[in-house]
Amino acid sequence: MNLNRISIIFTFLFFFAFSYEASAKHIIGGEVTYICNGNGSYTFTMFVYRDCDPTTGGAFYDDPAYFSIFSQVGNNYSVVNELLVNITSQGPISPPDDPCVIPPSNLCVEEARYTFTVNLPVIDGSYHVIYQRCCRNNTISNIQNPEDSGATYTVEVTAEAQAVCNNSPVYNDFPPIVICVGSPLFFDHSATDAEGDQLVYEFCAPLLGGGPLGTTENPGNADGCEGVKPITPCPPPFDPVQYILSTYSELDPMGGDPQVTIDPVTGIISGVPNIIGQYVVGVCVSEYRNGVLLSQVRRDFQFNVSLCETTVDARVEFDSIISAQEFVINSCGNNTITFGNNSIQQQFIDEFFWTFDINGTDQTFTEWEPTITFPSIGTYQGILVLNPNDPDCNDTAFINVNVYPEIQADFTSAYDTCVAGPITFTDLSFSGAGPNAITDWLWSFEQGIQGTSDEPSPVYMLNSPGNIPVSLTVTDENGCQDTELQIVPWTPAPPILIIEPSAANGCAPQEVVFNNLSIPIDSTYDIVWDFGDGNGSGEVSPTHTYDEPGVYDISLQVTSPIGCFIEDAWQGLIVVRPAPIADFSFSPQEVNSFDPVVDFTDLSFEPSFWYWDFDGDGVSYDQNPTYTFPDTGTQQITLIVTHASGCMDTLIQFLDVVPRVTYFVPNAFTPNSDGTNDFFIGNGITEGMENFTMTIWNRWGEEVFQTNDPHRGWNGKKKNIGRDSPNGVYVYVVTYTGPRKNNFQLKGFATLIR
C-alpha cells in the first residue's frame, strides 16, 4: 500500500514563451543558506529552480550570477563585496515514481546550485547576501502584475549569528510545485539545523527584486534596480510581492476552503487546495537559540494547483484530516453513519473493502458506501483499502470515527408585545457531553440585516416588525453543532411617533413628503394621517400637496396588527406661504428685423418684484418693460416674479424675430456716363440674402447680362464688356433665397435710354 503517497505530481503549466536574454520568465523559486567555517569564513549556497520544458522555451540561468554583500549597521547599508559566481552544479529534479499517477509528458524541473566562500569579519551589525532577478510567470494567479515582478533571494548573517559562528537551517526537501485540485495536501517542509536550535515556520511574503526594464517591451537599463538583471543587486529593505488582497495574502497564498496552512512547529503544510491556478508562496524558517533570533531562511517557490491524472486514490468524505491519507469523521448524537466514498478512479479499482475495529473486533464491509451502526459513544478506527492484491497500484485511507453525544439548540424569547422594546433571548440548549460542554453561541437576528451575537442569552432590539426568523447555532467542546430556528412574531406599536416632513415652510402649491421614522412600523399597521386641510392618508410615509396658503396641524394615529395604539399631533407643523403667478403678454405679436422693438405687459397675480431676462442679452426690473432685440431668431423671455411672502414663480415664453430682406428694381436707366442712373441695379437690405441671380434678356431672347452679386448692375453693354445695346425694353429676372430659406423671384422690364 502506498502509505506515503499524496496526490502530487511535479509538473508545470506555463504557457508563455521565453523572451530576451535576461527575462527568465520561467524561474520558479530559490533560497540562500550559509555555513560558518570559523575565523570569519562563510560558505553560501543558493538554489534556483526553473521550468526546463523545451516546448515553452524554459528559463536560462545566470552563469555567472551577480551577488552583492552589504553590511548593515543601524539603518546604514554599505557594499562590502561583489561577486560573479558560476553554477556549481545543475540537474533535473525527478518526480516520484508512482505507478498510480500518470505524469504529463512534458515534465521537466531543474535546479541550479551556486556555492562560494567569503571572509566576513565580525561586526556590530549584519551582513546581507543578495541575488536579484526578474521576472515571474504572467500566469500567476495570486499576485498583482506578476510579469513585471522579479525576485530577491537573500539571507542575513546577524550579529548574534556571527558571535557564535552559527550555521543557518537548511530545508530538507523542495516542495511539490503542482498539487492535485481537491486532494488533501500534506507536505513536510521542515528544515535541519546543525546546532539543533529551535526552528519556527510560517508563511511569509516573497520579496520583489528587479523589474521589467531592459526588454523589448520595456526599454531601459536592464542592470539597474528596476531592470531584469540588476548589477549590482540593490540593498535592503525589499518590498514584498503584492497579493490580490480580495482573495489571497501571504498567510493565505492559495485561497480555498479549508485554507492551506503551515504548522509553526513541524513545518508541515496541509490543507485542501480547491482553486485551480498558479500561486507564489513564501516559507520562512526562523532559528532561535535561548530565545534569541539567530537567522531566518526565506524560500520563494510556486505551487500549481491542477487537475491530476491519478489512477487510484483512496478518499472519503471527512470533517478534518490528520495527514494526506488519514481522515477524521465526526458524528454528533447519531451512532449510525453512512460513509461517503470519494475514491478515484473507479475504473482502475478492482477490489476494495472497509474494516473497523468495533469493541476489539475487526468488522469488514464490502459496500462502496456502507452504513455502519456503532455500539455507543466513543472513538473507532478503520481503513478503506483499494486494490489490496495489486502490489503496484493500491491505496489505503485511514479513518478515525468520533461518535459524540447529541447536542440540541433551543431558546426562548420574552418581550412586551404592545410597546416596542428589546427582546430578551434565553438559551435552553443541551449537550450530552456535560452541563458546561457548550462553548460557542452564534445568534442571527433578522435575515439580510447584520444582527448577530455570541452571548449565551443576548438582549436585542429588532428593527422591523413581522414574523422575524431568529436562529441560534451552538457548538460544544467536541465541535458538534446544532441550529434552532424560531419565528418571533414581533408587531408592537412604536414607543414614540417620529415624523420628518421634507418641507415644513414653503410656497403654495407645496408638496410635502412625510417621512415616518417611527420604529417599528410597516404597511401591515393601520395608519391614519390628518394633513390639516381636510385630507389624509393611510400610507406609511405619504406625499401630500397643499394648494392653499395657511398654517396646518398634523396628526398621526398608528394601530399595530394586534391592536396596540399610539397617536400624536404637531401643531402648526406645516406653513404654506402665498405665491404669485407669473404671466405676461407682448406686442406686436409678429416681430421682424426691421422693427425689433417689443412692449411687454405684466399680467402676473400679486407680484411685488419683477425680473425680466431677454434671452441672456438683457435684463429689466420694470413691471412693463420695452426691449429692442439685437438679433433675429427665436428669443426666450423669462419673467420671475416675487410675492411679498418671498415666494416666486417663473414663466418662459418665446417670440420669433423674423429676419427680412428687401430688393427693389428700377424700370429704366440711362447709361450715358453722366454719373446718374448709369446702371440697371436693384437696391434694398440684402443681409441674409443667398443664391442671388439677375439675368437680362433682349427682345430676341438673347441674354445680355448675368450676375450673382446683388450689388453689381448692368451698364448697357453686352455682358458689360461688349458693344452698346440699343435703346429699348429688356426683360429682367431676379431670384434669391431669404434668411429662412424661402425662395423669391422678381420679373419685369428694364427700359434702356441713352
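The values are calculated or read from the model by the stated rules, or taken from the named source; none is laboratory data. The structure displayed is predicted, hence computed values, not measured ones. Here the Cβ positions follow ideal geometry from the backbone for every residue, glycine too, while neighbour counts run over all protein chains shown.
Key figures for this structure:
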item: Whichever residue in segment 549-588 is of a type in the set (S, T, N, Q) and touching a residue at least 24 places away in the same chain (Cβ under 8 Å) and, among such residues, is farthest from SER537 (Cα to Cα); result: SER560
item: All strands (runs of 3 or more DSSP E) inside segment 464-510 with 3 or more residues being free of Cβ contacts under 8 Å to residues at least 40 places away in the same chain and in the same structural domain as THR524 (by TED's automatic domain parsing); result: none
item: Residues of segment 641-668 satisfying the condition of being among the acidic types (Asp, Glu) and surrounded by 16 or more Cβ atoms within 10 Å (Cβ to Cβ); result: ASP649
item: 1 or more residues out of contact with any Ser or Thr (no Cβ under 8 Å at 6 or more places or on another chain) and of a type outside the set (A, V, I, L, M): qualifying strands (runs of 3 or more DSSP E) within segment 343-431; result: 352-358, 361-365, 378-386, 395-404
item: Those residues of segment 673-698 which are modelled with pLDDT under 90, among the charged types (D, E, K, R) and under 21 Å from ILE753 (Cβ atoms), in sequence order; result: ASP674
item: Candidates ARG136, ARG113 - the one that is closer than 19 Å to ARG298 by Cβ, part of a loop (DSSP other than H, G, I, E, B) and not acidic (Asp, Glu); result: ARG136
item: Strands (runs of 3 or more DSSP E) (entirely within segment 158-207) containing at least 3 residues that are in the same structural domain as ILE143 (by TED's automatic domain parsing), at pLDDT below 95 and within 11 Å of CYS284 (Cα to Cα); result: none
item: The one condition in (1) in a loop (DSSP other than H, G, I, E, B); (2) buried (at least 16 other Cβ atoms within 10 Å of the Cβ); (3) of a type in the set (Asp, Glu) that GLU455 fails to fulfil; result: (2)
item: Residues satisfying the stated conditions in segment 520-534, i.e. over 46 Å from the mean Cα position of the chain (by Cα) and surrounded by 14 or more Cβ atoms within 10 Å (Cβ to Cβ); result: ASP530, PHE531, GLY532, ASP533
